[in-house]
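The values are calculated or read from the model by the stated rules, or taken from the named source; none is laboratory data. Because the structure is a prediction, the values reported are computed rather than measured. Neighbour counts are summed over all protein chains in view; Cβ atoms, including those assigned to glycine, are modelled from backbone coordinates with ideal geometry. SASA here: full protein model, heavy atoms, side chains in, ligands and nucleic acids out. Shrake-Rupley method; radii C 1.70, N 1.55, O 1.52, S 1.80 Å.
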Amino acid sequence: MEKLLSEKKVAREFQKRRHADWDENYELYRNKVQTNRLTQRQAVNIPLMKETIKTLLSKIDEAPTVSFKELSGNREKEIIIEEKWNSDYERLNFEGIDIQDKKTVLTYGRGFKKLNFVDNGFELSALDIYDVVIDPLTNPLDIESARFLIHQNIFRSLRDILADDRYTQEGKDKLKTYLSTSEGIIQSAQNKEELAKKQERLAAMGVNDSEFSTFGAGDLIVNLSEHYTKIWDSKKKKFVRYVCVYADDSTLLLKDTLDGLLGVDFWPLVSWGDDVETQDFWSDGPGDLVRTPNKVLNVWFSQMTENRTLKNFQMHWYDSGSQGYIPQTYEPGPGRMLPAPPGDVNATIKPVEVSGLDDTLTQIDFLIRLVEKGTSATAIEKGVSEKKQITLGEVQMLVGQSKERMISMAKFYRRSWKELAMKWYRIQEANAPEKETLYKISSKGKIWPKEISGKDWKSEKGYKVQVHSTSEQEEEKTRGVQKMMFVKSQFPDNLALAKVLQKRVLEILDLTTDELREVEEFERKKMEAPMIPPASGGPVMPGSMPGAQFMSSPPREAAAI
């Protein structure tokens, strides 16, 4: 426990320096501001943080396509392992977990996904950034280089812990004794407060209230930590990876090797960051770039709001030395007569001048443009038209440049998906059930069940994981078609090139197998049909019309005539 608590202290200190920035990012995203008596006097917020993150989230990319290549070329094993991946993808909502993970990275700069195997089934979850602390010497590009890492703030009730067979009886007895003391009762109350904070942060990340664990009034809340660390094995003469679970930083409940628990020898977490650095694992994110400008905008907007309110008050100065005049407050109304002091009214009463801060909106617009340039979440990407008139070509250039930056951002997390898929396979391989049933949907929508065992998809040679980004795939296909269309214009009579171009163009569309076959069959029959000479003399293909030769060209003999 001394070793574990010492590692945890170092890791928490290393992360703690980022908490103040993370808290501000979170509050701005949730449209909450801290007021003060000097600058931010009004509780107003310009939602720049939220609109920037949501714009980047919608443009960064969809979850990439993952495929497995069996190294000995066994196609049947590839089909089965990919169906297992697709089954877990749907069952565990990988797409939703991916959105949570990307939102965490955009807000805080780094995200974590945790892999596990529970009750004969694979589990995957996106973790709260506050709940993972890690070795400060970890290589930011390789989480496996960490000497230790900890998943903390796992809140469970005492009754659930006592009923869990994985924990030792000695540890359970010590925990019951500890929680019966005054110190343990205080710790349980603090755990409930920490749980409430955790739930509030998770709600900002898109988790529903129904997904939270609820505890009765009589339950004792225990804060568990899953501590992954390397311990020297004197028999094997090497460091072995262990999992240690302890409660409230005091009672050890479980100590076992990763190989004994999961059958693997790697950390069951995957992490990635947007702006990876060479030394600091806790890198910055787009939220850190937006934070300071958003705070400045809130101050300016608060001042403008307050000045407008003061103007609406219509306050007046009055001459307190004027004889026979006692100021009174009257409610305004249509046609209402208000008494005035004798003599010159302007000499006795004068409106309080309140500056309108007319340049505030211009300065706010300038600052928002700076943020848009820094994050590439431009007004066009947000679906807002620019005030000035620009040509269609300029709009396309702006959108194209913004997409290029979005694609470069997506490259950082694509590798994390490759690592996730490889670790998923290794965990599945180590915990494969004897029998299971998979369901494959045909192109016509029919469902085909198949009972499989581990030997049907396990590979002695292993698998190579390939990850294809959706945005990059579409970009590459589009550019490839554009190049081929240019080459085709140089060889208008080349039928082989026309067929290849036709196939590439159809690949861009999301056609079913039957639809694709129908289109190709129509083109084939059109090419094989005899030519019908028109009245004017030149050959015309049957069914041809203006623009009909987009996909194909006339035969070489026809062109020669």
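Of note:
- Contact annotation: residue pairs with Cβ atoms under 6 Å, 6 or more positions apart or on different chains, pairing a residue in region 145-167 that is farther than 24 Å from Val133 by Cβ with a partner that is β-branched (Val, Ile, Thr), are Leu158/Val222.
- Test set (1) surrounded by 18 or more Cβ atoms within 10 Å (Cβ to Cβ); (2) modelled with pLDDT of 90 or more; (3) under 22 Å from the mean Cα position of the chain (by Cα) - His19 fails condition number: (1)
- Scanning region 367-381 turns up no residue that is hydrophobic (A, V, I, L, M, F, W, C), part of a strand (DSSP E or B) and at pLDDT 70 or above.
- When residues of region 45-67 are limited to those that are touching a residue at least 40 places away in the same chain (Cβ under 8 Å), assigned to a loop (DSSP other than H, G, I, E, B) and out of contact with any strand residue (DSSP E or B) (no Cβ under 8 Å at 6 or more places or on another chain), the one most open to solvent (accessible area, probe 1.4 Å): Glu62
- Test for Asn36: is it at positive phi and free of Cβ contacts under 8 Å to residues at least 24 places away in the same chain: no
- The residues of region 229-257 that are open to solvent by 60 Å² or more (accessible area, probe 1.4 Å) and free of Cβ contacts under 8 Å to residues at least 12 places away in the same chain, listed by number, are Trp232, Ser234, Lys235, Lys236, Lys237, Lys238, Phe239.
- Being open to solvent by 60 Å² or more (accessible area, probe 1.4 Å), over 30 Å from Asn116 (Cα atoms) and either assigned to a loop (DSSP other than H, G, I, E, B) or modelled with pLDDT of 80 or more (or both) is a property that holds for Gly324.
- Residue in region 150-160 that is under 26 Å from the mean Cα position of the chain (by Cα), within 23 Å of Arg415 (Cβ to Cβ) and part of a strand (DSSP E or B) present: yes
Here's the yes/no breakdown for (1) outside any strand (DSSP E or B); (2) open to solvent by less than 10 Å² (accessible area, probe 1.4 Å):
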{"site": "Asp259", "(1), (2)": "yes, no"}
{"site": "Phe266", "(1), (2)": "yes, no"}
{"site": "Val270", "(1), (2)": "no, yes"}
{"site": "Asp275", "(1), (2)": "yes, no"}
{"site": "Asp280", "(1), (2)": "yes, no"}
{"site": "Gly287", "(1), (2)": "yes, yes"}
{"site": "Asn294", "(1), (2)": "yes, yes"}
{"site": "Ser302", "(1), (2)": "yes, yes"}
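- Members of region 160-185 that are at pLDDT 85 or above, open to solvent by 80 Å² or more (accessible area, probe 1.4 Å) and charged (D, E, K, R): Asp165, Arg166, Glu170, Lys174
- The residue of region 327-352 that is most open to solvent (accessible area, probe 1.4 Å), among those that are assigned to a helix (DSSP H, G or I) and among the β-branched types (Val, Ile, Thr), is Val345.
Quick grid of which residues meet (1) open to solvent by 30 Å² or more (accessible area, probe 1.4 Å); (2) over 20 Å from Leu269 (Cα atoms); (3) at pLDDT 90 or above:
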position: Lys69; (1), (2), (3): yes, yes, yes
position: Asn74; (1), (2), (3): yes, yes, yes
position: Ile80; (1), (2), (3): no, yes, yes
position: Trp85; (1), (2), (3): no, no, yes
position: Asn93; (1), (2), (3): yes, no, yes
position: Gly96; (1), (2), (3): no, no, yes
position: Gln100; (1), (2), (3): yes, no, yes
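- Scanning region 258-279 for residues that are modelled with pLDDT under 90 and over 21 Å from Trp417 (Cβ atoms) gives Glu277, Thr278, Gln279.
- Search result, residues across region 332-364 that are modelled with pLDDT of 75 or more and of a type in the set (Asp, Glu): Asp344, Glu353
- For the residues Glu306, Glu226, the requirement of being within 28 Å of Glu13 (Cα to Cα) and either out of contact with any Leu (no Cβ under 8 Å at 6 or more places or on another chain) or part of a strand (DSSP E or B) (or both) singles out Glu226.
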